[in-house]
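Undergrad: Structure in structure tokens, see below.
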Amino acid sequence: MNADQAVAPEPTRRFSVRLREARNLGLVGVLAVLVLIGALTEPGQFLTTGTVVLVLTQASVIGVITVGMTFVIIGGGIDLSVGAVVALATVWATTRSTQQFGIGGIVFTAVAVGVGCGLVSGLLIAYGRLVAFIGTLAMLASARGLAIQLSQGRTQTVTSSNQALVDLGYQDSYVLGIPPLVLIFAAVAIVGWLVLNRTTFGRRTYAIGGNLEAARLAGINVKLHTCLLYVLSGLCCGIASVMLIILTSSGTSGNGNLYELDAIAAVIIGGTLLSGGRGTLVGSVLGVLVFTVISVLFTLNNLPTAVQQLAKGVIIVLAVLVQRRASLYSSERTTR
Amino acid sequence: MNTDIRRRAFLTGATLAGVGALAACTSNEEPPPAAATAPQGAQDAPGKRVTVGFAGPQADHGWLNAITVNARAEAQRHPDVELVVAEGSNDAATQSAQIDALINRKVDVLVVLPADGKQLTPAGRKAMNAGIPVINLDRIFDSPQAYRTWVGGDNYRMGVNAGNYIGQQLNGQGTVLELAGIDTLELTRQRTQGFDDALANYPGIRKVGRAAAEFTVPTGQARMAELLQAHPQFNAVWNHDDDQGVGALQAVRQAGRSDFLMVGGAGSKAAMEAIKSDNSVLKATVLYPPTMAASAVRLARLLGQAKGVSDLAEQEIPASVTTFSAVVTKENVDKYLPVSFE
């Protein structure tokens, strides 16, 4: 059955879709302004393929995490544990014993740890009735602690026998000028978009986030679905961990520091309601790109990090203000 | 605070216990203690039993972990020393409570690397007032009344020595970049100040770029990649920290660049091995030796036994000991490899 249609009649839906697109256009506008600033302040360096490749590569790891986060937030939850899960997954995947199994062992371990953590969070939240905020906060603490314990505070680098994995980050591995990391990001984003917009799973995610009781009455297995959302987020963290190992050639307990805030911020400025029920993946991806372009822009212009954080804050506030205006126009849908 | 959250965190912890058991199976084998192998002092003859309390930071960073490793290894070498180690914490309140507990335990001497020197000054004073001499490690207390002796590193001189080394290598001509640590920390400001002051000795050298990389590997990679994109041409870069340097070196390789020299900071094993094999842009690192923890334990023992230090005319242990920020290069790396950390 189509839960989304049950919640929103056709005309309103089309109207809100148009609004969503308008908001994404707004983000595209922000990106354009940032690029313009870059082009004006650093004419020689900014408008180059090198910068484009750099922005996309830097955005790829947090981008993959943001895809999972978008699902969780649209489904009415939140995942505060992503950064810690990334730390644990990279640490575990780069322990000496894991590396004995080669690249396959590293990749499998990272993804398995991500999925495992997501499953634990999901079970605690969906079946243990913990509030998402608390459940994933607990996972944040536990995973970070375990990562420190497991690595004993060391930076574990990838051994030379697994060098081929790290080589994926080098220019020789580019496919048609595109880094493999960017291709992974694109693949995850496209699959995520298809799942969210073209499958029952996606429609149910919107339905649960929009109105949990209605979704239950409509026959959706709310608990199972909620649990799966955190597994999905964990899976994204696992994939991101492999990408981070490629990018940095190492695993440390300090990895993924504050990724949860970056991912949530990107999702929110991408137009997803923090209360759930509405949002787009395109918006989230644009949100990640906006943050990455700001970062590159600031380093290019030799500006201090403190000002950069201020700029991020201003952009988050502006985006949410625009979002509130937009939701005023389509309030019929949210109050239903 | 939120005991509720803690309780639930504990519950999750229990859930993860199974995972933890698995982790134990796949964990790394215990490394040989990265002990300081500096020459032993002449005061090593066993003496009165001394209980040394140690309160250090959470070991979530290579250097901080090495501090605890060094302290433990040094204590093990002295049969007359019992080391009581409080669980590492980055929280001033937790650490203050730990210091209280160590005071109540009536340890003979306290070694403290405070999470925050300013916030823990009262804790240090309390121990001193209770008659327990405090050896303040690295992050300095606000008042000399809070410690008997300070043992720490020289951040300013790290910058000076890095700057002078780069100046000599470039023969006084060229452009340089700086990859700093966390900008809100005083130590970062000191390192940068020292670097700038040294570069002032070389009018032909200009610093053209600087970014703060926050001491983690991914941020090291990100900021270095951005710097490389911003500066297609430069001659040298000083990176404040070898941990973030793992990411920074990776960014250099990813960009396929080798047209400049890089100098690191702190002295990690990975950095020293890269310097030794001479197969990357990393040509040197400036020490900020974690062996200072071993020295602190050694001084604590001597304080507890009311001995002085040999090779000085002083009758008492000096009030401060500052380690030297030596520049480690391919030529002298073998000498310093034993004090490197993972």
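The values are calculated or read from the model by the stated rules, or taken from the named source; none is laboratory data. This one's a predicted model, so the numbers in the text were calculated from it and none came from an experiment. No Cβ is skipped: glycine too gets one built from the backbone with ideal geometry, and neighbour counts run over all protein chains shown.
Per-residue answers, yes or no, for (1) of a type in the set (G, A, S); (2) closer than 17 Å to A:I73 by Cα; (3) surrounded by fewer than 19 Cβ atoms within 10 Å (Cβ to Cβ); (4) touching a Cys at 6+ places or on another chain (Cβ under 8 Å):
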residue	(1), (2), (3), (4)
A:S121	yes, yes, no, no
A:R144	no, no, no, no
A:S151	yes, no, no, no
A:T157	no, no, no, no
A:N197	no, yes, yes, no
A:I208	no, yes, no, no
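Undergrad: Continuing with the same structure: Just give me the residues in the stretch A:127-178 being within 16 Å of A:I103 (Cα to Cα) and not in a helix (DSSP H, G or I), in sequence order.
TA: Once the filter is applied, which keeps residues that are within 16 Å of A:I103 (Cα to Cα) and not in a helix (DSSP H, G or I), the stretch A:127-178 yields A:Q156, A:T157, A:V158, A:T159, A:L168, A:G169.
Undergrad: Additional query: Taking the stretch B:74-102 only, how many residues are touching a residue at least 40 places away in the same chain (Cβ under 8 Å) and assigned to a helix (DSSP H, G or I)?
TA: Residues that pass the stated criteria total 7.
Undergrad: List the pairs whose first member sits in the stretch B:215-231 and is more than 7 Å from chain A (Cβ to nearest Cβ) and free of Cβ contacts under 8 Å to residues at least 60 places away in the same chain, whose second member is among the polar types (S, T, N, Q) and surrounded by fewer than 24 Cβ atoms within 10 Å (Cβ to Cβ), and whose Cβ atoms are under 9 Å apart, counting only residues at least 6 apart or on separate chains?
TA: Once the first residue is more than 7 Å from chain A (Cβ to nearest Cβ) and free of Cβ contacts under 8 Å to residues at least 60 places away in the same chain and sits in the stretch B:215-231, its partners that are among the polar types (S, T, N, Q) and surrounded by fewer than 24 Cβ atoms within 10 Å (Cβ to Cβ) give B:T219/A:N257; B:H231/A:Q45; B:H231/B:T175.
Undergrad: Anything in the stretch B:323-342 that is more than 14 Å from chain A (Cβ to nearest Cβ), within 13 Å of the chain's Cα centre (by Cα) and not hydroxyl-bearing (S, T, Y)? List them, or say none.
TA: If the condition is that a residue be more than 14 Å from chain A (Cβ to nearest Cβ), within 13 Å of the chain's Cα centre (by Cα) and not hydroxyl-bearing (S, T, Y), then B:F324, B:V339 are the ones that fit.
Here is a yes/no grid of residues against (1) of a type in the set (S, T, N, Q); (2) more than 24 Å from A:S253 (Cα to Cα); (3) at the interface with another protein chain (Cβ under 10 Å from one of its Cβ atoms); (4) without any contact (Cβ under 8 Å) to a residue 40 or more places away in the chain:
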{"site": "B:D196", "(1), (2), (3), (4)": "no, yes, no, yes"}
{"site": "B:R210", "(1), (2), (3), (4)": "no, yes, yes, yes"}
{"site": "B:G247", "(1), (2), (3), (4)": "no, no, yes, yes"}
{"site": "B:A266", "(1), (2), (3), (4)": "no, no, no, no"}
{"site": "B:A296", "(1), (2), (3), (4)": "no, yes, no, no"}
{"site": "B:L303", "(1), (2), (3), (4)": "no, yes, no, no"}
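Undergrad: Check B:G167 against each of (1) closer than 30 Å to B:Q233 by Cβ; (2) free of Cβ contacts under 8 Å to residues at least 12 places away in the same chain and name the one condition it does not meet.
TA: Here B:G167 clears every test but (2).
Undergrad: Then there's this: Are there any pairs with C-beta distances below 7 angstrom linking a residue in the stretch A:128-155 that is more than 7 Å from chain B (Cβ to nearest Cβ) to a residue that is of a type in the set (D, E), with the two at least 6 apart or on different chains, and if so which?
TA: A:T136/A:D79
Undergrad: Still on this model: Taking the options B:V327, B:V309, B:V321, B:V281, name whichever one is within 21 Å of B:I140 (Cα to Cα) and in contact with a Leu (Cβ under 9 Å, 6 or more places away or on another chain).
TA: Going through B:V327, B:V309, B:V321, B:V281 in turn, just one is within 21 Å of B:I140 (Cα to Cα) and in contact with a Leu (Cβ under 9 Å, 6 or more places away or on another chain): B:V321.
Undergrad: Could you tell me whether any residue of the stretch B:32-46 is touching a helix residue (DSSP H, G or I) at 6+ places or on another chain (Cβ under 7 Å), farther than 21 Å from A:V85 by Cα, modelled with pLDDT of 55 or more and at the interface with chain A (Cβ under 10 Å from one of its Cβ atoms)?
TA: No; the residues of the stretch B:32-46 include none that is touching a helix residue (DSSP H, G or I) at 6+ places or on another chain (Cβ under 7 Å), farther than 21 Å from A:V85 by Cα, modelled with pLDDT of 55 or more and at the interface with chain A (Cβ under 10 Å from one of its Cβ atoms).
Undergrad: Residue check, A:L303 against (1) in a helix (DSSP H, G or I); (2) within 14 Å of chain B (Cβ to nearest Cβ); (3) modelled with pLDDT of 85 or more, all met but one. Which one?
TA: That leaves (1) as the condition not met.
Undergrad: If you don't mind, another one. Regarding B:V109, is this residue at pLDDT 90 or above, within 15 Å of B:A293 (Cα to Cα) and more than 13 Å from every other protein chain (Cβ to nearest Cβ)?
TA: So B:V109 passes the test.
Undergrad: Out of B:A212, B:A146, report the one residue that is of a type in the set (A, V, I, L, M), touching a Ser or Thr at 6+ places or on another chain (Cβ under 7 Å) and closer than 28 Å to A:Q156 by Cβ.
TA: It is B:A212.
Undergrad: Regarding the stretch B:125-137, can at least one residue be identified that is at positive phi and part of a loop (DSSP other than H, G, I, E, B)?
TA: yes
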